[in-house]
Amino acid sequence: MHPINRAAVVVRPKKPFLNWIQSMEEVPTRITDLWTSVYLTPADMDAMPAQVLRNCFTQIFEEQLEAWCNSEKDWPPKRDFSTFQKWLDAEVVDLVFDLSEQPIQHEE
């Protein structure tokens, strides 16, 4: 087991995000209840978790929205940090370990 030079942001939808998804299409609640995403960010041991999140929230928020809807015109018009926090639960994890001996592969 080896620590890697990344922090992780664990993201889960909150009620406003789920309401937005369901306003566009019928989504079984049981699927969205289990839905979780993890984003790796550069590790900065001097940064506080709130600062790590502020540095990457726009990219995460837009990726989450795009996963459900490609048309930006249907996204919420206000996509600031406050809206992000209302729509998504995000937790920063500062220690990330790689339990696999296999190299990490990136999709193109």
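Annotations
- Residues that are closer than 16 Å to W20 by Cα and free of Cβ contacts under 8 Å to residues at least 60 places away in the same chain, drawn from the range 77-100: P77, K78, R79, T83, F84, Q85
- On inspection, A50 passes the criterion of being within 15 Å of the chain's Cα centre (by Cα), loosely packed, with under 11 Cβ neighbours inside 10 Å and at pLDDT 80 or above.
- Selection within the range 55-108: residues that are open to solvent by 60 Å² or more (accessible area, probe 1.4 Å) and touching a strand residue (DSSP E or B) at 6+ places or on another chain (Cβ under 7 Å). The member of this set that is farthest from L40 (Cα to Cα) is D89.
The values are calculated or read from the model by the stated rules, or taken from the named source; none is laboratory data. This is a predicted model, so every value here is computed, not measured. For neighbour counting, all protein chains shown are included, and Cβ atoms are generated from backbone atoms with ideal geometry for every residue, glycine included. Ligands, DNA and RNA are excluded from the accessible area calculation, which covers all protein heavy atoms including side chains. Shrake-Rupley method; radii C 1.70, N 1.55, O 1.52, S 1.80 Å.
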